[in-house]
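To start, the structure under review is shown below, and the notes come after it.
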Amino acid sequence: MIHILSSEMHNETLHLPFEVDKAFEENHQLVAILTGGTEAKFVQLLKEGAIDLSQPVYLMVSGQSNSLAASLEILSYIRQHNGVGKVMRHSADQAEAILDNTATLTVRPSEALLHNDKPLRLGVVGFPSDWLIASRVDYEVVLKRMNIELVDVPIEEITALGQVDPGMQGAEAVYKRLKEIVQKYNLQGLTLRCFDLLSTVKNTGCIALSKLNDEGIPAACEGDIPVLLTMMLCQKRTGELCFQVNPARIQSNGEMLFAHCTLPLKMTSSHEYTTHFESGIGVAIHGDLPTGDYTLVKLSGDLSRLLAVDVQLDRCQFEPNLCRTQVWIQSTPAVSHYFLTDPIANHHVLIRGHHAAKFNS
């Protein structure tokens, strides 16, 4: 049986990403992840007993609508709960081994790398988005090991704006309100449960988060705390601006497409404004980044794993069925293997320059 997961945020007509052999379907647990925002639905399948983590789970993905991004969050959740999973990008994947247990590219970060000499306060504006099922953190552990206090800020601090202008004027209003929150709570960075703005403020947080990052205030979206901690770590180690990205397509040769809507404008060679991908409203950023050296970084929510790999940005593209800024990265097959078998959740951080050695030393 194939369980099909799709989000109401996507209004396009969606189909199964590919067909599998009937015998394979009858004898394996298959979940077709058609869109992003479906991770909580997978957890519901577990609660209902429709999925059993004592048996391997195969995740069918496509190359659009944040299907892969959601699948990586689910795969990470499966691994955290001692299950075995595999991301299937096409029908031929069913013939491959479900998972090998070879070491991944991640390392255990040192205490010196994690610890900040000066205490920091980071805001969590609203709770983490419901779909971040593999991205939870322990506030006390973060305070003890990183000298970072995580401060819960009620989402009403921003949704109280009410409905704003649907264009740039409204996006600027969101930015100004977030700046007020930064000052009110004495924050050095924040993450925003931004999808709540779609139904209340009727605009997005994309421009606001982009501008905050440009100003040296690390700002993550979707309430993702591990990404915010990764941004702070990148700022401490390299001083580079951070682009929070979703994996969208992954090739076995190490070529990967990443996308998101909150790109800092100072990272771009050119840019234009468009609508938010999932909702089609508000203002988001389609930007081109210079080709060349970059580093892909991610710290796990429990602070036990760190990925930092040097990569090359080959080219930029634009397709309407993905988050608005889209970049192709060239790495190695080992990095592809990491994402398809044992990723640190979904979101990662891309920074300019080759800096992996600064995190792995």
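Filter segment 338-361 down to the residues that are touching an Asp or Glu at 6+ places or on another chain (Cβ under 7 Å) and assigned to a strand (DSSP E or B), then identify the one that is nearest to Gly85 (Cα to Cα).
Ile351
Can you list residue pairs whose Cβ atoms sit under 6 Å apart, with the first residue in segment 245-266 being of a type in the set (D, E, K, R) and the second being in a strand (DSSP E or B)? Count only pairs 6 or more apart in sequence or on different chains.
Cβ pairs passing all conditions: Arg249/Leu257; Glu255/Gln330.
Hey, could you check segment 106-142 for residues that are without any contact (Cβ under 8 Å) to a residue 12 or more places away in the chain and either buried (at least 20 other Cβ atoms within 10 Å of the Cβ) or hydroxyl-bearing (Ser, Thr, Tyr) (or both) and say which is farthest from His81 (Cα to Cα)? Don't jump to the end; show me each part of the working.
At the first step, the residues of segment 106-142 found to be without any contact (Cβ under 8 Å) to a residue 12 or more places away in the chain are 110, 112, 139-140.
After this cut, where a residue has to be either buried (at least 20 other Cβ atoms within 10 Å of the Cβ) or hydroxyl-bearing (Ser, Thr, Tyr) (or both) as well, the list is 110, 139.
On the way: Ser110: 25, Tyr139: 21 Å.
Here the answer is Ser110.
Determine, yes or no, whether Leu105 is within 30 Å of Ala357 (Cβ to Cβ), among the hydrophobic types (A, V, I, L, M, F, W, C), assigned to a loop (DSSP other than H, G, I, E, B) and not assigned by TED's automatic domain parsing to the domain that holds Arg249. Before the answer, list the steps.
On the way: within 30 Å of Ala357 (Cβ to Cβ): yes; among the hydrophobic types (A, V, I, L, M, F, W, C): yes; assigned to a loop (DSSP other than H, G, I, E, B): yes; not assigned by TED's automatic domain parsing to the domain that holds Arg249: yes.
So Leu105 fits the description; yes.
Quick test for you: out of Val174, Val182, Val151, pick the one residue that is among the β-branched types (Val, Ile, Thr) and closer than 19 Å to Thr325 by Cβ. Outline the logic, then answer.
Working: Val182 fails: closer than 19 Å to Thr325 by Cβ; Val151 fails: closer than 19 Å to Thr325 by Cβ.
Selected residue: Val174, the only one of Val174, Val182, Val151 that is among the β-branched types (Val, Ile, Thr) and closer than 19 Å to Thr325 by Cβ.
Which members of segment 204-221 meet the condition of being surrounded by fewer than 22 Cβ atoms within 10 Å (Cβ to Cβ) and touching a Gly at 6+ places or on another chain (Cβ under 8 Å)?
Passing the criteria: only Ile217.
Restricted to segment 192-203, and to residues that are out of contact with any Pro (no Cβ under 8 Å at 6 or more places or on another chain) and buried (at least 23 other Cβ atoms within 10 Å of the Cβ), which residue is nearest to Thr230 (Cα to Cα)?
Of all residues in segment 192-203, those out of contact with any Pro (no Cβ under 8 Å at 6 or more places or on another chain) come to 192, 194-201.
Imposing the further condition that a residue be buried (at least 23 other Cβ atoms within 10 Å of the Cβ) reduces the set to 192, 194, 197, 201.
Numbers: Leu192: 15, Cys194: 19, Leu197: 24, Val201: 28 Å.
Among those that are out of contact with any Pro (no Cβ under 8 Å at 6 or more places or on another chain) and buried (at least 23 other Cβ atoms within 10 Å of the Cβ), it is Leu192.
Restrict the check to segment 87-94 and report whether at least one residue is in contact with a Gly (Cβ under 8 Å, 6 or more places away or on another chain), under 27 Å from Thr35 (Cβ atoms) and either small (Gly, Ala, Ser) or surrounded by fewer than 21 Cβ atoms within 10 Å (Cβ to Cβ) (or both).
no
Might you check whether a residue that is outside any loop (DSSP other than H, G, I, E, B) and under 23 Å from Asp224 (Cα atoms) occurs anywhere in segment 6-21? Talk me through it step by step, then tell me what you get.
Step one: list which residues in segment 6-21 are outside any loop (DSSP other than H, G, I, E, B), which gives none.
No: segment 6-21 contains no residue that is outside any loop (DSSP other than H, G, I, E, B) and under 23 Å from Asp224 (Cα atoms).
Looking at this structure, is Ala40 small (Gly, Ala, Ser), in contact with a Phe, Trp or Tyr (Cβ under 6 Å, 6 or more places away or on another chain), modelled with pLDDT of 90 or more and closer than 30 Å to Leu143 by Cα?
Details: small (Gly, Ala, Ser): yes; in contact with a Phe, Trp or Tyr (Cβ under 6 Å, 6 or more places away or on another chain): yes; modelled with pLDDT of 90 or more: yes; closer than 30 Å to Leu143 by Cα: yes.
It is true that Ala40 is small (Gly, Ala, Ser), in contact with a Phe, Trp or Tyr (Cβ under 6 Å, 6 or more places away or on another chain), modelled with pLDDT of 90 or more and closer than 30 Å to Leu143 by Cα.
Would you confirm whether or not segment 59-73 contains a residue that is in contact with a Lys or Arg (Cβ under 9 Å, 6 or more places away or on another chain), surrounded by 20 or more Cβ atoms within 10 Å (Cβ to Cβ) and of a type in the set (Val, Ile, Thr)?
Checking segment 59-73: at least one residue is in contact with a Lys or Arg (Cβ under 9 Å, 6 or more places away or on another chain), surrounded by 20 or more Cβ atoms within 10 Å (Cβ to Cβ) and of a type in the set (Val, Ile, Thr).
For the condition within 17 Å of the chain's Cα centre (by Cα), modelled with pLDDT of 95 or more and not assigned by TED's automatic domain parsing to the domain that holds Pro333, what is the one hit in Ile74, Ile51?
Selected residue: Ile74, the only one of Ile74, Ile51 that is within 17 Å of the chain's Cα centre (by Cα), modelled with pLDDT of 95 or more and not assigned by TED's automatic domain parsing to the domain that holds Pro333.
The values are calculated or read from the model by the stated rules, or taken from the named source; none is laboratory data. Quick caveat: nothing in here was measured; it's all calculated off a predicted structure. Reconstructed Cβ throughout: ideal geometry from the backbone, glycine too, with neighbour counts over all protein chains shown.
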